[in-house]
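First the structure, in the form of structure tokens, and then the observations on it.
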Amino acid sequence: MRLLAVCHTDDEILWFNPEEYDKIVIVFGDFGDQRGSNGGDLRRNALKEHPLKEKIIHVNIAESNFTRDKSKESVYML
């Protein structure tokens, strides 16, 4: 089985040929800096329309956004 794990909904399209994989795991759902906005909903709705949606496993974790908000760095960095 060929498994492709990516962070965002567009990564598998931009960097890989998703048709070459049996399963595609997409990690992030909501944007870390836009929780409560419709950004995550847009991602989830796009996945419902994806032509390979039967292959997709969406983990739907909210992004940490620690790269923009340095106060979160100690939480996410080892």
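The values are calculated or read from the model by the stated rules, or taken from the named source; none is laboratory data. Remember, predicted model here, so these are calculated numbers, not experimental data. Remember, those area values only see protein heavy atoms, side chains included, never the ligands or the DNA or RNA. Shrake-Rupley method; radii C 1.70, N 1.55, O 1.52, S 1.80 Å.
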What does the extension gain come out to for Leu42 and Phe16, with contour length at 0.36 nm per residue minus their alpha carbon separation?
7.2 nm
Long-range amide H partners of Ala62, meaning residues 5 or more apart or on another chain whose placed amide H is closer than 5 Å, are Gly29, Asp30
Can you pull the accessible area of Lys48 for me, 1.4 Å probe, Å² to the nearest 10?
130
